[in-house]
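Asker: This is the structure I have questions about; it appears just below.
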Amino acid sequence: MIPCTVTAEDLAVRLAGVRSRIEAAGGDPAAVTVLAVTKGFDASAVALAAGADLWDLGENYGQELVAKAPDAPPGVRWHFIGRLQRNKVRQLAPHVGLWQSVDRAALGAEIAARAPGAAVLVQVNVSGEEQKGGAAPDAVPALVADLQADGLDVQGLMAVGATGAPEASRPGFARVRALADALDLPIRSMGMSADLEVAVSEGATMVRIGTALFGPRHARGPLGN
Ligand SMILES: *Cc1c(COP(=O)(O)O)cnc(C)c1O
């Protein structure tokens, strides 16, 4: 993890920029949640986010979340957005407010055991890129039913867009919206720094933004870059 070198003033300008991109894409900036993705950065990014009144923070490595959560200002709500192994659930459970990357029933059962009634999103793989995780779209309705039967609070769907130009994400995001509508799930977490306009125009209710707020992270692999 590296310190975030963006100043509080810079962050305010960057956040305003993200909100105007949401608006330009046809979204209501008051209704689309900006999830600030602090992965790769140390606690400095957490403090900056809170100072900018951003309280929904995302992490996709369990170790980083467990390192940052105990010292975070009260009021931070942590979202786990990365690939998740069952054996990591126990240590994350005290900290996570929304599990966004649930993509199989066994993982849901573990979350239900460690955090009964927890709020979750089902991650949908709409890009066909296996390394991004997510359940196949056709498997989502049955998975949602399984998770609900375990007592979990399924609040919506999450997806990572396709690699390539932002427009490559559009058909997948449209699929997520259709699935969420059919299942009557309110949250659609889709869109990142590069493709947020496409996501918002396809009905995102939450965008997950790292680079556009905090600047570049050091390289760490396909989703951690
Ligand atoms: C890293 C990451 C983000 C944020 O990506 P940026 O391009 O830096 O905005 C969003 N969602 C997931 C799942 C991520 O892994």
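Asker: Which numbered condition in (1) away from the ligand (no atom under 16 Å from the Cβ); (2) under 18 Å from ARG188 (Cα atoms); (3) not in a strand (DSSP E or B) is the only one that PRO116 fails?
Answerer: For PRO116, the exception is condition (2).
Asker: Counting just the residues of region 154-170 that are away from the ligand (no atom under 15 Å from the Cβ) and open to solvent by less than 50 Å² (accessible area, probe 1.4 Å), which one comes out nearest to GLY203 (Cα to Cα)? Talk me through it step by step, then tell me what you get.
Answerer: Just the residues of region 154-170 that are away from the ligand (no atom under 15 Å from the Cβ), to begin with: 154-155, 167, 170.
Next cut, open to solvent by less than 50 Å² (accessible area, probe 1.4 Å) only: 154-155.
Details: VAL154: 18, GLN155: 15 Å.
The selected residue is GLN155.
Asker: I need every pair where a residue in region 167-187 that is assigned to a helix (DSSP H, G or I) has its Cβ under 8 Å from the Cβ of a residue that is modelled with pLDDT of 95 or more and loosely packed, with under 12 Cβ neighbours inside 10 Å, sequence separation at least 6 or different chains.
Answerer: So the pair list comes out as ALA180/PRO186.
Asker: Now for a separate question. For region 1-34, name all the residues that are open to solvent by 80 Å² or more (accessible area, probe 1.4 Å), closer than 19 Å to ALA50 by Cβ and without any contact (Cβ under 8 Å) to a residue 24 or more places away in the chain.
Answerer: Correct list: GLU9, VAL13, ARG19.
Asker: Further question on the same structure: Looking at region 75-95, is at least one residue assigned to a helix (DSSP H, G or I) and open to solvent by less than 30 Å² (accessible area, probe 1.4 Å)? First the steps, then the outcome.
Answerer: Initially, region 75-95 is screened for residues assigned to a helix (DSSP H, G or I), giving 86-92.
From what is left, the residues that are open to solvent by less than 30 Å² (accessible area, probe 1.4 Å) are 89, 92.
Yes, region 75-95 has at least one match.
Asker: In this structure, is GLY151 away from the ligand (no atom under 16 Å from the Cβ), farther than 16 Å from ARG21 by Cβ and either assigned to a loop (DSSP other than H, G, I, E, B) or open to solvent by 60 Å² or more (accessible area, probe 1.4 Å) (or both)?
Answerer: Values: away from the ligand (no atom under 16 Å from the Cβ): yes; farther than 16 Å from ARG21 by Cβ: yes; either assigned to a loop (DSSP other than H, G, I, E, B) or open to solvent by 60 Å² or more (accessible area, probe 1.4 Å) (or both): yes.
Spelling it out, GLY151 is indeed away from the ligand (no atom under 16 Å from the Cβ), farther than 16 Å from ARG21 by Cβ and either assigned to a loop (DSSP other than H, G, I, E, B) or open to solvent by 60 Å² or more (accessible area, probe 1.4 Å) (or both).
Asker: Next up: Looking at ALA43, ALA72, ALA50, can you tell me which residue is among the small types (Gly, Ala, Ser), away from the ligand (no atom under 13 Å from the Cβ), modelled with pLDDT of 95 or more and crowded, with 19+ Cβ neighbours inside 10 Å? It would help to see each step written out before you state the result.
Answerer: Working: ALA43 fails: crowded, with 19+ Cβ neighbours inside 10 Å; ALA50 fails: crowded, with 19+ Cβ neighbours inside 10 Å.
Of ALA43, ALA72, ALA50, the one residue that is among the small types (Gly, Ala, Ser), away from the ligand (no atom under 13 Å from the Cβ), modelled with pLDDT of 95 or more and crowded, with 19+ Cβ neighbours inside 10 Å is ALA72.
Asker: Now for a different question. What's the number of the only condition in (1) more than 10 Å from the ligand (Cβ to nearest atom); (2) hydroxyl-bearing (Ser, Thr, Tyr); (3) modelled with pLDDT of 95 or more; (4) crowded, with 18+ Cβ neighbours inside 10 Å that SER127 fails to meet?
Answerer: Failing condition for SER127: (3).
Asker: Out of region 171-184, which residues are among the aliphatic types (A, V, I, L, M) and open to solvent by less than 10 Å² (accessible area, probe 1.4 Å)?
Answerer: Of the residues in region 171-184, the ones among the aliphatic types (A, V, I, L, M) are 174, 176, 178-180, 182-183.
The answer is VAL176, ALA180.
The values are calculated or read from the model by the stated rules, or taken from the named source; none is laboratory data. In this text, all values refer to a predicted model and were calculated from it rather than measured experimentally. Heads up, the Cβs are rebuilt from the backbone with ideal geometry, glycines too, and the neighbour counts pull from every protein chain shown. Just so you know, the surface numbers come from the protein's heavy atoms only, side chains and all, with ligands and any DNA or RNA stripped out. Shrake-Rupley method; radii C 1.70, N 1.55, O 1.52, S 1.80 Å.
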